[in-house]
Amino acid sequence: MSKAERSPLEKLLGSARSYKGHLTLKLDDLESLLELGEESPGARTSNLATQLGYALEKVLESHGKYENTLVDAIALLEEDEEIATLHGKLRDAQKDVRKGRERTLRLLEECGKPRPAFTSPPPAAAASAGTYARPDIAEALKPAPLSIDHTPVEFREWQDGFKAFYKASGLDAVSIEEQQAYFKACLDPTLRGRVRASIQQDTPIFGEEGSCTSILKEEFDRNWPILKRRLEFFRYDQSNGQSFTDWVAGLRARADEADLERMKLPEMFTMRLICGVSNKQLREKFLKEAEPTMDNLIRLGTANEVAKATIKAIDQPVSAATTTSGQKKNDSKPGEKFLNPAELKDKCTRCAAPSTSHKSSECPHIKATCTKCQKTGHIARACTGGAINKPKGQGKSGGKKPKPRSRKQSRAPSPTDKRPAEKKDDKPSAPTSTSAVYVRAASLPTPTI
């Protein structure tokens with residue numbers, strides 16, 4: 001791969017290796033002069049002091065270039081392990097430079113020379129020049145990487161931890177670029193990417209406005225608006241195994257973030273509307289509302305209720321309505337199964353829902369029309385048949401069909417049949433069947449005309 005094709009990170013790491021080689025050479029030159037002055041008191045002359053001052057200046061210059069290059073590389077990394085590796089290289093170089101600097105200053109005093117101005121510049125000037133030996137990084141106080149998924153309470157705890165880490169490590173004595181690198185190293189890759197574009201080269205770490213911490217707070221405020229923080233407070237319950245004291249402490253911390261002191265009655269009512277509504281889709285509408293005030297949420301809830309009623313009326317089955325002839329259609333199919341009334345025990349007789357959910361007198365289907373029996377007051381899944389479930393000819397006798405008449409009984413006399421009038425007897429004659437009358441009439445002689 002050619003140099004032009006290398007990524008910015010690869011170029012920085014290549015430069016860091018080169019600066020590390022220069023730093024090693026300068027430290028070796030300084031070490032030779034220190035050994036001469038420490039082992040031979042007679043060699044502690046003004047000439048040696050001049051050489052020591054010059055050698056130390058070159059060491060600090062090489063170290064500044066090496067350190068700044070590593071800091072720039074750290075800002076481009078996202079993997080925690082790689083960042084930790086470069087931090088380790090920074091610490092190793094700082095220890096070597098600090099050790100050589102202390103030995104040089106001590107030997108210069110023995111030579112009767114004052115400390116050179118370049119060896120102990122003011123922190124701000126030294127940081128900008130990259131020639132100040134950095135203090136040890138207090139790794140034990142370094143906070144865990146902050147994520148956008150953390151709550152505002154966890155964000156505040158992270159801020160306190162980073163301030164302690166910043167002070168204990170003496171980061172105020174290093175350049176702004178290096179301070180920013182340590183600041184970004186304490187953020188997870190996602191959050192680091194969100195704030196990177198807002199942080200400029202001269203952006204300070206702390207401050208009310210325009211600082212790295214204020215930019216980070218704005219990002220958390222966008223992700224955790226005041227309504228979400230108050231929801232977090234109202235939903236924070238004591239977990240299994242959590243002590244009462246710990247739970248109360250967590251509750252108080254969430255109360256501070258929720259700014260409960262400024263809550264008024266309408267805002268409390270708003271929280272109850274969001275937490276108490278059972279319709280998840282309606283709750284989602286509440287949370288998406290740009291201005292979730294009490295009046296706006298009530299308006300949304302009422303509009304949702306009206307819309308549901310309208311949709312229900314639009315979707316009402318055609319079979320439940322009367323036909324153009326004025327009679328109700330019967331959509332029940334042959335052999336359609338109806339419920340036995342016993343199956344509706346402990347259930348709503350209008351919709352077959354468990355009776356624990358509501359009373360039959362409060363059922364929402366009290367005015368519905370059944371698509372099976374066409375009666376009003378229940379729906380098809382709770383239909384027991386009614387009149388439409390009885391076969392044709394079913395009466396009060398229990399639904400038994402009448403016996404069919406015999407063939408003889410079904411025959412009616414022909415209008416052409418003529419028979420003479422019978423003599424009336426004093427004694428009442430036995431009832432005669434219709435078939436017997438026909439037989440007798442056939443045996444009589446035909447009258448002469």
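The values are calculated or read from the model by the stated rules, or taken from the named source; none is laboratory data. Model, not experiment: these values are computed from the prediction. FYI the Cβ positions are ideal-geometry reconstructions off the backbone, even for glycines, and counts take in every protein chain you see.
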Counted residues, the stretch 240-282 - those being of a type in the set (G, A, S) and within 18 Å of V153 (Cα to Cα): 5
Checklist (1) in contact with a strand residue (DSSP E or B) (Cβ under 9 Å, 6 or more places away or on another chain); (2) surrounded by fewer than 17 Cβ atoms within 10 Å (Cβ to Cβ) applied to L216, failing item: (2)
Hey, V248 under 25 Å from N304 (Cα atoms) and β-branched (V, I, T) or not: no
Test set (1) exposed (fewer than 15 other Cβ atoms within 10 Å of the Cβ); (2) of a type outside the set (D, E); (3) at pLDDT 85 or above - K65 fails condition number: (1)
Pairs where the first residue, in the stretch 20-40, is in the same structural domain as L105 (by TED's automatic domain parsing) and the second is among the aromatic types (F, W, Y), C-beta under 9 Å, 6+ apart: K20/Y66; H22/Y66; L23/Y66
Complete set of residues in the stretch 240-259 that are touching a Phe, Trp or Tyr at 6+ places or on another chain (Cβ under 7 Å) and more than 13 Å from L227 (Cβ to Cβ): G250, L251, R254, A255
Filter result for P364 (modelled with pLDDT under 85 and assigned to a loop (DSSP other than H, G, I, E, B)): no
Those helices (runs of 4 or more DSSP H) lying entirely in the stretch 174-285 with at least 3 residues of a type in the set (G, A, S) and at pLDDT below 85: 244-258
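Collect the residues in the stretch 350-367 that are in contact with a strand residue (DSSP E or B) (Cβ under 7 Å, 6 or more places away or on another chain) and closer than 21 Å to K312 by Cα, keeping them in residue-number order.
First, pick out the residues of the stretch 350-367 that are in contact with a strand residue (DSSP E or B) (Cβ under 7 Å, 6 or more places away or on another chain): 353-355, 367.
Selection gives A353, K367.
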Close pairs (8 angstrom Cβ cut-off, 6 or more residues apart or separate chains): in the same structural domain as G64 (by TED's automatic domain parsing) in the stretch 89-102, of a type in the set (S, T, N, Q) anywhere: R101/T119
Evaluation of G170 against (1) closer than 23 Å to G88 by Cα; (2) crowded, with 16+ Cβ neighbours inside 10 Å (one fails), failing number: (2)
Members of the stretch 134-173 found to be within 21 Å of R229 (Cβ to Cβ), among the polar types (S, T, N, Q) and part of a loop (DSSP other than H, G, I, E, B), listed by number: S147, T151
Among the residues listed as K328, K337, K347, K333, the single one being modelled with pLDDT under 85 and touching a strand residue (DSSP E or B) at 6+ places or on another chain (Cβ under 7 Å): K328
